[in-house]
Each structure stands twice: as C-alpha cells, then as structure tokens.
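Below is one structure, written out as structure tokens, with a few remarks after it.
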Amino acid sequence: MAAIALGLTVLENAIPSPLPGVKPGLANIVTLVVLARYGWRAAAWVSLLRVVAGSLLFGNFLAPGFFIGLSGAMCSLLVLAFAQHLPGRWFGAVSHSIYAAFAHIAGQMGMVYFWLIPHAGISYLIPVFAAAALVFGTVNGLIASRFIGETSR
C-alpha cells in the first residue's frame with residue numbers, strides 16, 4: 001500500500017500547482033483506506049514511509065520541504081488517531097479526510113511559521129490553504145469511501 005501511495009505522490013508531483021504547497025493529496029486516499037481496513041498503526045506506517053521514500057526519490061530528504069511534509073503528515077496522523085474513535089454512524093472517510101487535510105495544513109503552516117518564516121504575513125495564506133484542504137479533503141474522502149465500501153457517510 002505504501003508503494004501505491006508513493007506512486008500517487010509521484011503522479012501528484014507531475015501535476016503543475018497554481019500555488020506552491022497546494023496539492024490534492026492523492027496519497028491520502030491510500031492512508032484512509034488503510035486506516036479503515038487495517039487500523040491506525042498500519043496507516044501511520046504507510047503515511048510515514050510515503051513521506052520518507054518520496055523525499056528520497058525527489059532529493060529533498062532532510063531539506064526544509066521534507067520537514068514541512070513530515071510535520072503535516074504527523075499532525076494528520078494524530079488527528080486520525082482520535083477521529084477513528086468517533087461514532088461510525090456519523091463519521092466516515094469523508095469527515096476523516098477533511099479533518100486530516102486541515103491538520104496537515106495546520107502542521108505545515110506551523111512548521112513554516114516556527115522554523116522558516118516567523119512572520120505574521122503567512123497568515124494571509126490560511127484562507128487559501130483552508131479552502132484547498134476543504135475541497136481536496138472532501139474529494140479524497142469521497143474516493144476513499146468508495147474503495148472502503150461506505151454508503152452514506
């Protein structure tokens with residue numbers, strides 16, 4: 001599953017982005033499917049292996065981009081650890097995906113602010129990244145729910 005997530009990461013990097021840092025997060029679909037089928041621990045392995053292998057593949061291991069991506073993945077995984085315990089009747093792959101997308105952006109923005117650009121001006125990007133997180137989180141969650149076999153969540 002990590003190899004599929006890595007393949008989606010490669011595909012995603014081939015798609016031009018209108019804004020740096022705004023990506024659809026296609027590999028997160030795999031993480032959501034693994035979370036639903038195998039649990040949080042397996043999802044964490046898939047997500048972290050994808051981040052490390054992707055950084056090695058693209059040549060940015062231990063560069064700022066690696067740590068930004070890793071912080072987003074860690075925050076996303078932390079939120080998913082709690083979200084998986086929400087009642088399945090009302091919360092499913094779509095809500096988990098949206099929560100994870102917002103956590104991912106929050107982790108990345110936090111890392112950028114506290115490490116690279118400690119200036120309040122980056123807060124102007126929050127609405128753009130939040131809108132992207134909402135849109136891509138919803139779309140990825142809908143796709144993941146189809147793979148999982150959820151009906152109306």
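List every residue pair whose Cβ atoms sit under 7 Å apart, with the two residues 6 or more apart in sequence or on different chains, where the first one lies in segment 2-21 and is over 17 Å from A73 (Cβ atoms) and the second, anywhere, is loosely packed, with under 15 Cβ neighbours inside 10 Å.
Short answer, once both residue conditions are applied: L19/V128.
Among the residues of segment 31-44, how many are touching a residue at least 40 places away in the same chain (Cβ under 8 Å) and buried (at least 16 other Cβ atoms within 10 Å of the Cβ)?
Residues meeting the conditions: 6.
Considering only residues that are over 28 Å from I126 (Cα atoms) and of a type in the set (K, R), which ones fall in segment 1-52?
R37, R41
Only residues in segment 127-148 that are at negative phi count as the first member; pair them with residues that are hydroxyl-bearing (S, T, Y), Cβ under 8 angstrom, at least 6 apart or cross-chain, and list the lot.
G137/S97; G137/Y99; T138/S97; N140/S97; G141/S95; G141/S97; A144/S97
Just to be sure before I move on: is Y99 of a type in the set (S, T, Y) and loosely packed, with under 15 Cβ neighbours inside 10 Å in the structure I sent?
Considered against the rule, which asks whether it is of a type in the set (S, T, Y) and loosely packed, with under 15 Cβ neighbours inside 10 Å, Y99 comes out as no.
Assess whether R153 counts as being charged (D, E, K, R), at pLDDT below 95 and either under 15 Å from I29 (Cβ atoms) or surrounded by 13 or more Cβ atoms within 10 Å (Cβ to Cβ) (or both).
yes
I'd like the residue in segment 82-118 that is touching a helix residue (DSSP H, G or I) at 6+ places or on another chain (Cβ under 8 Å) and free of Cβ contacts under 8 Å to residues at least 12 places away in the same chain and, out of all such residues, is nearest to S47 (Cα to Cα).
Among those that are touching a helix residue (DSSP H, G or I) at 6+ places or on another chain (Cβ under 8 Å) and free of Cβ contacts under 8 Å to residues at least 12 places away in the same chain, it is L86.
With the condition kept exactly as written, say whether any residue in segment 113-126 is surrounded by 20 or more Cβ atoms within 10 Å (Cβ to Cβ), small (G, A, S) and in a helix (DSSP H, G or I).
Checking segment 113-126: not a single residue is surrounded by 20 or more Cβ atoms within 10 Å (Cβ to Cβ), small (G, A, S) and in a helix (DSSP H, G or I).
The values are calculated or read from the model by the stated rules, or taken from the named source; none is laboratory data. As the structure is a prediction and not an experimental result, all values here were calculated from the model. Positions of Cβ are generated from backbone atoms using ideal geometry, with glycine treated the same way; all protein chains shown enter the neighbour counts.
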